[in-house]
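J.: Okay, here's the structure, questions in a sec.
The values are calculated or read from the model by the stated rules, or taken from the named source; none is laboratory data. Keep in mind the model is a prediction, meaning the values are calculated, not measured. As a convention, Cβ positions derive from the backbone with ideal geometry for all residues, glycine included, and neighbour counts pool all protein chains shown.
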């Protein structure tokens, strides 16, 4: 992938931004080799709670995300640049300092210069919104969705959920992705992490929260939580305790 370089096959960054500004639920950004933002579309600015593009360009992740989270984001950026390999379709909850938390399905690619050298990183995400309850597909899947939401501790049995919905497993999985943007198991992970975010604002021990959210032990819970949120459960608890409460963007149906 090459943006804004001298070779004839590259698209100028302003052209890319203009094209992607028409995708309101698809945040996009490019960083240079020093991990400074050099391009972003309107959806990325909105995600970070920034009204003016000039207040975003030239900054880094540490200017928009919590101290417990941004080092992980930048570590992923450096991995992509160092390895030259993209990261695809990662489910992650992000909580910008100036905006509400959001769930994203994102991918990152190395940006290549005119001579093939890595000169930065580009990322594209899809913001996972709440489903439209009036949509016919939602009506068919409502029983399964509500079961997942009500039982974050329970393992996901796709066959059972399909039977509850009255469709085949293959049809159920296609409908689920079409409606919610992720597979049933990924959606269950989202529900579990959302439940954990709420519980971590209370006094329960982290090991107890891990079991309540369907994880066999605290270490497994910590690994999954850090992958999704960008910080450990303990870091999140300390961050939440020192900040004004912000409601997570949870699904309610």
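Yes/no per residue for (1) within 23 Å of residue 45 (Cα to Cα); (2) touching a helix residue (DSSP H, G or I) at 6+ places or on another chain (Cβ under 7 Å); (3) at pLDDT below 90:
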residue	(1), (2), (3)
77	yes, no, no
82	no, no, no
87	yes, yes, no
99	yes, yes, yes
102	yes, yes, yes
108	yes, yes, no
116	no, no, yes
120	yes, no, no
136	no, no, yes
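J.: With respect to the numbered conditions (1) closer than 25 Å to residue 181 by Cα; (2) modelled with pLDDT of 90 or more; (3) in contact with a strand residue (DSSP E or B) (Cβ under 9 Å, 6 or more places away or on another chain), which one is the sole condition not fulfilled by residue 92?
T.: (2)
Here is a yes/no grid of residues against (1) under 24 Å from residue 113 (Cα atoms); (2) more than 18 Å from the chain's Cα centre (by Cα); (3) outside the structural domain of residue 238 (by TED's automatic domain parsing); (4) modelled with pLDDT under 80:
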{"site": "29", "(1), (2), (3), (4)": "yes, no, yes, no"}
{"site": "32", "(1), (2), (3), (4)": "yes, yes, yes, no"}
{"site": "38", "(1), (2), (3), (4)": "yes, yes, yes, no"}
{"site": "47", "(1), (2), (3), (4)": "no, no, yes, no"}
{"site": "52", "(1), (2), (3), (4)": "no, yes, yes, no"}
{"site": "58", "(1), (2), (3), (4)": "yes, yes, yes, no"}
{"site": "70", "(1), (2), (3), (4)": "no, no, yes, no"}
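J.: Continuing with the same structure: With segment 100-209 as the region, which helices (runs of 4 or more DSSP H) entirely inside it contain at least 1 residues that are outside the structural domain of residue 46 (by TED's automatic domain parsing), touching a strand residue (DSSP E or B) at 6+ places or on another chain (Cβ under 6 Å) and within 30 Å of residue 35 (Cα to Cα)?
T.: Result: 184-199.
J.: Separate question: Would you point out the residue of segment 122-134, among those that are at pLDDT below 85 and surrounded by 13 or more Cβ atoms within 10 Å (Cβ to Cβ), that is farthest from the chain's Cα centre (by Cα)?
T.: Only one residue tops the list, namely 131.
J.: Tally time: how many residues in segment 41-71 are outside any helix (DSSP H, G or I) and over 19 Å from residue 103 (Cβ atoms)?
T.: So the count comes out to 9.
J.: Can you name the number of the only condition in (1) surrounded by fewer than 17 Cβ atoms within 10 Å (Cβ to Cβ); (2) more than 13 Å from residue 27 (Cβ to Cβ) that residue 112 fails?
T.: Of everything listed in (1) surrounded by fewer than 17 Cβ atoms within 10 Å (Cβ to Cβ); (2) more than 13 Å from residue 27 (Cβ to Cβ), residue 112 misses just condition (1).
J.: Quick test of your reading of the structure: residue 143 fulfils all but one of (1) at pLDDT below 90; (2) surrounded by fewer than 18 Cβ atoms within 10 Å (Cβ to Cβ). Name the failing condition by number.
T.: Every listed condition holds for residue 143 apart from (1).
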